[in-house]
Structures are given as C-alpha cells and as structure tokens.
C-alpha cells in the first residue's frame, strides 16, 4: 500500500473495483501540498475473535526532486469498526456528525518538508469540500474520497482546523488538531 500511494498522489483516486473484494486494500482519499502528501486506505483484517473488520490506514509522503516518496515514519491506522461495505454509516463511529477523525499523527521534530501533522477520517454525504486552515494558510479540495474518506497533512507544526463544507458553502463541522493546542510551540 505504501508504495502504491505514490501513484495515487501522482494520478488521483481510481474507481472502486466492482464487485468490492475484501482481499484488496483500496485507496480512499489523498491530500497533497507543496512538500508533503498523505494517502488513506481501506483494508480488512481478522481480529483475535475471528471477526472480519474494516480498517483505515494513512501513509505519509514527501515531495522530492525525483517525485513523491514514502516517508520513513510509521503509518497510522484505526481498526475498531464492524460495519459492512455499503452500509450508510460505513466506517462512521459518529454518523450524526458531518465530519469525524479516525486517526491523527503529529511530529514536532519533522524533517523539513515532511508531514508534521496528518489527520484522516470520514464525512457525511452532505460534505462537498474539505478545508484545511492553519494560521494564515488555507487549502481546499473537493471531498471526493471513497466512502466519505478524507485526509489532510501539513509540514507546519501548528494548530490546524479541518472544516467540512456543504455545496452552499456552509461549514457543517470541524476537527481541531492537535486536540491539545497548548502543547504546541507559538
């Protein structure tokens, strides 16, 4: 998955396979900026009780002179789901919310150009745009992830807000990260 994410960053998301096959990892969403990127995947695993569980995992990338390359840092994943693909609340813990985070990663000492903050999650069908706000920097992209998946990343270690925007431009919800901004440098 980590190496396949380079193609997602370069070419975008592909259509989902039909029929959906639990044996394969599927890219759900991606985010790119000038120096870093992230790709969120869906995969399935069998837990210790033999239950098939969907999970999402997000990988981090850096933009180098030769193109995109995976970072050396670990991935972040969340496997506490039991939904069935196709369910209206697939991968959602809080379907009453328009946006929710499933995982996040922060690195105060990120190398220049590498992701310092990465957040991934899921949004409702009402969301058409994902907006990242960090101090005086704003970046938007269409909410085009499969199953409502979304991810953002930034090379700046500063508090950020991810907003879920409707087609009318209304902010439907937001995620603040890190969840304890007092721990960040000015």
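The values are calculated or read from the model by the stated rules, or taken from the named source; none is laboratory data. Given the structure is predicted, the values throughout are model-derived calculations rather than measurements. For neighbour counting, all protein chains shown are included, and Cβ atoms are generated from backbone atoms with ideal geometry for every residue, glycine included.
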Is there any pair linking a residue in region 3-18 that is assigned to a loop (DSSP other than H, G, I, E, B) to one that is surrounded by 13 or more Cβ atoms within 10 Å (Cβ to Cβ), with Cβ under 6 Å and at least six apart or on different chains, and which?
13/27; 16/146
For region 160-186: of the residues being under 22 Å from residue 62 (Cβ atoms) and in a loop (DSSP other than H, G, I, E, B), which is modelled with the highest pLDDT?
178
Count - residues of region 146-158 that are modelled with pLDDT of 95 or more and either on the phi > 0 side of the Ramachandran plot or out of contact with any strand residue (DSSP E or B) (no Cβ under 6 Å at 6 or more places or on another chain) (or both)
0
Given the conditions (1) within 18 Å of residue 162 (Cβ to Cβ); (2) free of Cβ contacts under 8 Å to residues at least 12 places away in the same chain, and given that residue 132 satisfies all but one, which numbered condition is not satisfied?
(2)
Which pairs turn up if I take residues in region 41-52 that are at negative phi and in contact (Cβ under 8 Å) with a residue 12 or more places away in the chain and look for partners that are surrounded by fewer than 11 Cβ atoms within 10 Å (Cβ to Cβ) and part of a strand (DSSP E or B) with beta carbon separation below 8 Å, at least 6 apart in sequence or on another chain?
52/46
